[in-house]
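First up is the structure itself, then whatever we jot down about it.
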Amino acid sequence: MQHAIEVRGLDKRFGQVHAVKNVSFTLSYGEVLGFLGPNGAGKSTTMKMICGFLEPTAGHVTVAGHAIDEDPIAARRAIGYLPEGAPAYGEMTPRAFFEFIGRVRGLERRYLESRIREVVARIHLESVIDRPIETLSKGFKRRVGLAQAILHDPRILILDEPTDGLDPNQKHEVRSLIREMAAEKAIIISTHILEEVDAICSNTLIIADGRLCFRGTPAELQSRSRQHNAVLLRLPEMDAIRVRGELARLPGVAAIDDLGRAGASHRLRVCAQEGRPIIAPIAERVRALGIEPEEIAVDYGRLDEVFRNITLGSLTDNRRALT
Amino acid sequence: MILSPQTLAVARRELGAYFATPVAYVFIVIFLFLAGVFTFYVGAFFERGQADLLPFFQFHPWLYLFLIPAISMRLWSEERKTGTVELLMTLPLTLGDAVLGKFLAAWAFTGIALALTFPIWITVNYLGDPDNTIILVSYLGSFLMAGGFLAIGACISATTKNQVIAFVVSLVVCFLFVLAGYPVVLDFFSGWAPPALVQAIGSLSFLTHYSALTKGVVDLRDVLYFAALIGFWLYANTVVIELKKAE
């Protein structure tokens, strides 16, 4: 099947600054791609090039089968785009703004009206539909930007930080909207909220310093954690030292972190070698010692730790980009 | 010429934006007030005792010089400042659609302001028996010249995110164009530039081309001059946006 988005060898320089370095990836319909990276890593610049706002210094972008440099209009028609910061015309009301977007997109009048009704209901904008956008709260402004992007029911959605500035309920709302749309669309979202990746993305890309340095599923990302499949134990204080000594000798155990006291008990984290599951042998050994742990659980790893390792690593050793 | 639906959508939004804020009303009131002051006090409309609108039209270049940059300054600099230019330029329209749409909206707005001077036309017809053809041609000439000012202002507005800078620079550039045929400007060049260039610069003067039209003489060259001027600056506008949008 044809890819929704195909990016090959994308490169962008602003004078001396090399903002995006040889980025390549593809995206299919039905996928939600989470674009991760520290601020200033090149996420927004890459998105701007995919949408045809900026011209790449080198490389090619194909959107819905249209090369963005050869047929930009056809490519843009297929895309719904929420730019960074959700810009909108402040003096307009959301209704007038949507009508403008619909007209430029060439939507037929009746269809446009019904789409505005649907989208406004779906994103809960009824209460502000006739108020100037500049008077709205940050959360509403962001949702107006999102509504604008999905107005023409595009097959490809590119959303630059769609949940920035929203409260937890609104974030949840937007995420479930994205999940609902995911089945038939190809979606790219950029974010620096890692839980978001876990919640909605089927794939992630990490960009640091303009380079692509990770591509995989959120689970694969998590499995890179030192703590992946580690076992968390809570034990009575008096048993902790003995258990620690015993478990350290167990095959498959890489390290044991002392997480300190919690009331009358003690907490340990037993890290697994190469992230292989070790809960069964640990539980067995602890019980063999005649100790009943107060709590035993598996830690699947911390995304923020992996994120730090990947992005800081690529900054310091400048290793070759994964492509 | 057939305008694309995208151009019309942009023009409609832009024209609405003028009236969404008090800017439009302030502008129109001040324009009408100043036009009146110039015509009746400076231009001595009554004292001349002639049934024509020359005292009204002859001050238009000077009125436009200050007022038109105030209309054009926000056209692109505001889009760049608020980031909406990114939204606009990722919609399925061409750069030409956007530039033309915005320009047409601003031009239509000045057209509205100009049309609202109609009481003066009624006045002169009530008081005497003027040559209404000359008046009509003068109105068209004034409207064309306004388009020239606007095209310059729109292009300069695209070079900066700051509306004040856009205003001041537009005013200076428009001033050079208004007075291109006069010593103020020509003396800059006559010392060192070849005479042909000096003459060419002199022929760019708004005043020369406009004053012919206010006499009721429709010379195709004057009309073409303004049309070419508008075309040139709008083209420059697209180039500037293309170059500056990354910033």
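Can you pull out every residue in segment B:213-230 that is touching a residue at least 60 places away in the same chain (Cβ under 8 Å) and either part of a helix (DSSP H, G or I) or of a type in the set (Gly, Ala, Ser) (or both)?
B:Leu213, B:Thr214, B:Gly216, B:Asp222, B:Val223, B:Phe226, B:Ala227, B:Leu229, B:Ile230
Name the single residue that is nearest to the other protein chains (Cβ to nearest Cβ) among those in segment B:14-65 being open to solvent by 60 Å² or more (accessible area, probe 1.4 Å) and of a type in the set (Ser, Thr, Tyr).
B:Tyr25
Out of the residues in segment A:54-96 that are over 28 Å from the mean Cα position of the chain (by Cα), within 18 Å of B:Arg13 (Cβ to Cβ) and not basic (Lys, Arg), state the one that is farthest from the other protein chains (Cβ to nearest Cβ).
Filtering first and then ranking leaves A:Thr93.
Among the residues of segment A:83-91, is any in contact with a strand residue (DSSP E or B) (Cβ under 9 Å, 6 or more places away or on another chain) and at negative phi?
yes
Scanning segment A:186-217 for residues that are small (Gly, Ala, Ser) and touching a residue at least 40 places away in the same chain (Cβ under 8 Å), which turns out farthest from A:Ser44 (Cα to Cα)?
A:Ser202
Any residue in segment A:9-30 that is more than 23 Å from A:Ile156 (Cα to Cα) sitting within a Cβ distance under 7 Å of a residue that is part of a loop (DSSP other than H, G, I, E, B)? List the pairs, counting only those 6 or more apart or interchain.
A:Arg13/A:Thr57; A:Phe14/B:Ala246; A:His18/A:Gly210; A:Ala19/A:Gly42; A:Ala19/A:Gly210; A:Lys21/A:Gly210; A:Lys21/A:Ala321
Residues being open to solvent by less than 60 Å² (accessible area, probe 1.4 Å), of a type outside the set (A, V, I, L, M) and over 14 Å from B:Thr39 (Cα atoms): count how many of those fall in segment B:112-131.
3
When you check A:Arg249 against the structure, is it more than 23 Å from A:Glu6 (Cα to Cα), in the same structural domain as A:Ala75 (by TED's automatic domain parsing), over 17 Å from the mean Cα position of the chain (by Cα) and open to solvent by 10 Å² or more (accessible area, probe 1.4 Å), yes or no?
Here the answer is no, as A:Arg249 does not meet what is asked.
So for segment A:181-204 (the condition being touching a Lys or Arg at 6+ places or on another chain (Cβ under 7 Å), open to solvent by less than 30 Å² (accessible area, probe 1.4 Å), at pLDDT 90 or above and assigned to a loop (DSSP other than H, G, I, E, B)), does at least one residue qualify?
yes
Can you tell me which of (1) over 24 Å from B:Gly148 (Cα atoms); (2) touching a residue at least 60 places away in the same chain (Cβ under 8 Å); (3) polar (S, T, N, Q) is the one B:Thr117 doesn't meet?
(1)
How many residues does segment B:80-96 contain that are at the interface with chain A (Cβ under 7 Å from one of its Cβ atoms) and open to solvent by less than 30 Å² (accessible area, probe 1.4 Å)?
Count: 9.
Could you list, in sequence order, the residues of segment B:49-64 that are within 17 Å of the chain's Cα centre (by Cα), over 18 Å from B:Gly111 (Cβ atoms) and in a helix (DSSP H, G or I)?
B:Trp62
Tell me yes or no: at least one residue of segment B:8-23 is over 30 Å from A:Leu151 (Cα atoms) and part of a helix (DSSP H, G or I).
Checking segment B:8-23: at least one residue is over 30 Å from A:Leu151 (Cα atoms) and part of a helix (DSSP H, G or I).
Which ones in segment A:266-276 are at pLDDT 85 or above and open to solvent by less than 30 Å² (accessible area, probe 1.4 Å)?
Answer for segment A:266-276, where residues must be at pLDDT 85 or above and open to solvent by less than 30 Å² (accessible area, probe 1.4 Å): A:His266, A:Leu268, A:Val270, A:Cys271, A:Ala272.
The values are calculated or read from the model by the stated rules, or taken from the named source; none is laboratory data. Since we're looking at a predicted model, the values are computed, not measured. Using ideal geometry, Cβ is built from the backbone for each residue, glycine included, and neighbour counts are taken over all protein chains shown. We work out accessible area using only protein heavy atoms, side chains counted, and drop any ligands, DNA or RNA first. Shrake-Rupley method; radii C 1.70, N 1.55, O 1.52, S 1.80 Å.
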